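**Q** Sending over a structure as structure tokens; questions will come in a sec.
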Amino acid sequence: MINVNSYMKYIYLIFIFSFPLFVFGQTDKNLKLAEKASIEDYDRTVYVVEHNYAGFNAKVTESNHSRYIYLRDSLRQNVLNGGNAFGATLIYVRMFNDAHLNIMPWNSKVTDFSGYTRGYTPRFIARHVNDSTFLIRAKSFETVYIDTIKQYVNLYKQSGCPNLIIDLRGNGGGIDRAYKPLLRLIYDRKGLGDGVAYYSTPDNIAMLEQYGEKAVDISLRKWLKQLCEKLESHPREFVGDSTYVIEYDSIHTYPRKVGIITDTLVGSSAEQFVIEAKIVCSRLTVYGRNTAGGLDYSNPGRTLLPCGLTLRYPMSCSFRVIKGRGIDDTGIIPDVPVSLPIPSELTDNLDEWTLWVAKELQ
């Protein structure tokens with residue numbers, strides 16, 4: 001739900017501070033577009049969130065609805081009074097504390113992770129930690145890294161190491177297909193995952209139809225067509241399967257022990273990997289810090305704002321939320337917290353966290 005009290009202060013801050021308060025680290029192009037924002041951008045954002053965002057009715061409840069209206073209208077009035085339109089729009093979006101609800105490329109979570117560490121530059125690496133432990137550091141699950149991940153899985157298989165560390169620190173996600181080789185590697189039992197339900201609105205259906213028209217994969221195109229047909233017959237409802245099966249046809253002898261390292265930058269598809277890994281791998285221990293918490297609402301649609309920036313919003317809700325097991329408020333809590341200092345860099349090095357986890361796996 002919306003933490004209304006936390007945002008009361010922002011109503012007043014926007015009157016005091018100028019635009020740069022909200023745009024640290026953005027490119028000149030994005031800044032220029034944001035400077036063009038007006039009341040039309042604010043109104044468009046509010047409309048899309050209230051009508052199409054899958055998490056809106058769960059976060060704006062009967063108990064906080066009047067306070068939500070007050071905050072929404074106060075921000076709008078501030079813009080009309082000459083306040084910064086982009087600042088108001090960004091505050092409104094951040095009110096929902098949802099990693100997939102954002103004005104691209106601005107971070108939408110209340111917590112600003114940009115200051116987590118200045119020298120935090122993860123790189124993909126695959127190497128021995130010692131004679132019994134191998135490390136795969138996966139900084140991202142973006143599409144461009146699918147072949148790299150496959151290559152690193154093969155390197156592990158050639159290593160002969162009984163223990164495997166999968167270091168996800170700094171991994172903000174990507175697509176689920178990218179992590180499947182890792183999941184297949186550590187799989188040792190069949191399991192059920194929580195499915196997702198899409199929120200049926202005309203805009204969301206149109207967005208999914210566009211995705212279907214552009215899809216190269218024939219099976220995906222067919223699935224999206226069937227989904228849209230179901231959504232059309234259930235307006236303003238959630239449509240989807242409550243569970244899905246994770247099953248592979250064989251189990252690898254190695255690894256015998258698996259350690260996944262997480263931190264507060266791990267989000268989206270990287271969190272989905274951790275969740276699925278915990279379901280299908282009995283040999284797994286998760287070490288580190290709580291993840292970012294950006295998975296309860298996903299499958300984002302996009303709409304172009306009048307200023308030229310893009311508003312991204314989730315069209316689906318995980319059945320975890322429906323079952324009362326949402327993770328966005330806390331992130332995924334590790335099995336074993338790591339209290340060591342945050343490393344200054346994560347390049348091709350064996351940092352203190354990695355060495356500590358390797359020792360734990362012995």
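**Q** Looking at region 74-106, which of the residues that are assigned to a loop (DSSP other than H, G, I, E, B) and polar (S, T, N, Q) is nearest to the chain's Cα centre (by Cα)?
**A** N97
**Q** Sticking with this one: May I ask you to list the residues in region 211-243 that are closer than 14 Å to M315 by Cβ and at pLDDT below 90?
**A** Hits for region 211-243 are Y211, G212.
**Q** Would you kindly identify the helices (runs of 4 or more DSSP H) lying entirely within region 259-362 that contain at least 3 residues that are surrounded by 22 or more Cβ atoms within 10 Å (Cβ to Cβ)?
**A** By residue number, 269-280, 352-361.
**Q** Would you confirm, using the coordinates I've provided, whether L309 is over 30 Å from A88 (Cα atoms), touching a residue at least 12 places away in the same chain (Cβ under 8 Å) and not hydroxyl-bearing (S, T, Y)?
**A** For L309, the condition - over 30 Å from A88 (Cα atoms), touching a residue at least 12 places away in the same chain (Cβ under 8 Å) and not hydroxyl-bearing (S, T, Y) - is not met.
**Q** OK, next. Can you find a residue in region 294-306 that is over 13 Å from the mean Cα position of the chain (by Cα) and within 27 Å of W356 (Cα to Cα)?
**A** no
**Q** Now a separate question. In the set L231, L208, L185, which member is within 30 Å of G259 (Cα to Cα) and surrounded by 16 or more Cβ atoms within 10 Å (Cβ to Cβ)?
**A** L185
The values are calculated or read from the model by the stated rules, or taken from the named source; none is laboratory data. Just so we're clear, the structure is a prediction, and the values are computed from it rather than from any experiment. Glycine gets a Cβ as well: all are built from the backbone with ideal geometry, and neighbour counts include every protein chain shown.
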